[in-house]
Structure formats: structure tokens, C-alpha cells
Amino acid sequence: MRRATILRTLLASNSILFFSVLAFASEEGATPAEESTVGEVFKWLHFIIILAAAYWLFAKVLPPVVRRNADKISEAISKATAAKAEADRQLREAATKLTHLEQEIAEFRTQAQKDAAAELERLRAVIKVDLEKVTTAAKAEIEAAERAARVELKALAAKLAVDHAESLVAQQMTPAVQDSMINNFVQTLQRRPN
């Protein structure tokens, strides 16, 4: 349909141009008055051709171009409006989060203090248990060392007593006492029943 309109417009403009050339050629032998009338006609024909071309340009060619540009602009405006709405929504969310942020920080701080106090109590309990274990182990070691020292002291005392007794016996043992002891021992053996 658009091609048909273009063809009609071209045909009309060619026809007008052809007839105007014929009119111009026939006027070569015309009088000045006729020439001014023919010139006037040519001016009007020229005006009508320019007017038709302008009409065709503004009525047929430019509206789709303008419409496409208007659609693009409208689409860009709608995208910008949607982007602005999304940005506003994100701004509101950020503001809401910011107002809740201080409350959350206070809650975190309170929870951290509670956790720190609980951890301190737990550590105190662990330290107390460990201290009791160390105390018990130390007492057990002290008692074991004390027993070992007593046993060693008794052994030392016994050794010293034996050494002292041996030295006393060695000092008091004379050949006469030895003979008397041997005689007593032999007599004791003789008195015994077999």
C-alpha cells in the first residue's frame, strides 16, 4: 500500500513536470503578457509540487519515524520510572535496616556480654575443678613422699641402730665374753630334747 502511494505520487509529479515542459516549449513564441501568465502557472505548479512533496513527507514518512522515537522515549521513561521505583524501594529497605541496625547492635552487645559472663563462669568452674584435682594430686604426692621418707627414715634408723649395736657389740665383745656366750649356747642345746 505504501508503494502504491509512492508510485502515484511519482506518477503525478512526472505528469506535472511533463505538462509544464510542454507548456514552456509552446510559449516560446508567446507575448510578454502570456509569458507572465505562464510563469504564474509554473510558480503555482511548482508550489503545488512542493506542497505535495511536503505533505507526503510530513503525512506519510515522518509519522512512523516520530512514532518510533516516541515509543522509544516512552519505553525509556517507563524503564526509568521502574528503576526509580526499585531504587526508592531499596532506599526504604536500607533505611529500615539502618533503624534496626542499632537495635541489632545493642542485642548483639547484650548477648556478647551474657556469653562472656557465661564463659567466665565456665572457666572459673573448670579452674576450680582443675585446682581441686591439682590439690588432691599434690596431697597424694606429699603423702606418698612422706610414706617413702618414713620408710627410708626407718630403714636409715634401723641401719644406724644396727651399725651402732654392731659397734657396741664389737667394743664389748671380749674373748672371755665370747667364750661365755658359746658355752651358754651349747648348754641350751644340750638341755633341749631332740
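The values are calculated or read from the model by the stated rules, or taken from the named source; none is laboratory data. Keep in mind that what you see is a predicted model, and the values were worked out from it rather than measured. Backbone-built Cβ (ideal geometry, glycine too); neighbour counts: all protein chains shown.
Annotations
- Check on VAL126, β-branched (Val, Ile, Thr) and over 30 Å from THR5 (Cβ atoms): yes
- Flag for VAL65 being surrounded by 11 or more Cβ atoms within 10 Å (Cβ to Cβ) and at pLDDT below 80: no
- Condition check for VAL21: surrounded by fewer than 11 Cβ atoms within 10 Å (Cβ to Cβ) and either at pLDDT below 75 or not in a helix (DSSP H, G or I) (or both): yes
- THR81 vs. criteria more than 30 Å from the chain's Cα centre (by Cα) and free of Cβ contacts under 8 Å to residues at least 24 places away in the same chain: yes
Yes/no per residue for (1) part of a helix (DSSP H, G or I); (2) over 54 Å from the mean Cα position of the chain (by Cα); (3) among the hydrophobic types (A, V, I, L, M, F, W, C):
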residue: THR136; (1), (2), (3): yes, no, no
residue: ARG147; (1), (2), (3): yes, yes, no
residue: VAL151; (1), (2), (3): yes, yes, yes
residue: LEU160; (1), (2), (3): yes, yes, yes
residue: ASP163; (1), (2), (3): yes, yes, no
residue: VAL169; (1), (2), (3): yes, yes, yes
residue: VAL177; (1), (2), (3): yes, yes, yes
residue: ASN183; (1), (2), (3): yes, yes, no
residue: VAL186; (1), (2), (3): yes, yes, yes
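- Verdict on ILE73 being β-branched (Val, Ile, Thr), part of a helix (DSSP H, G or I), surrounded by 10 or more Cβ atoms within 10 Å (Cβ to Cβ) and over 60 Å from the mean Cα position of the chain (by Cα): no
- One residue from GLU86, GLU102, GLU93, GLU107 being exposed (fewer than 10 other Cβ atoms within 10 Å of the Cβ), of a type outside the set (A, V, I, L, M) and under 27 Å from the mean Cα position of the chain (by Cα): GLU102
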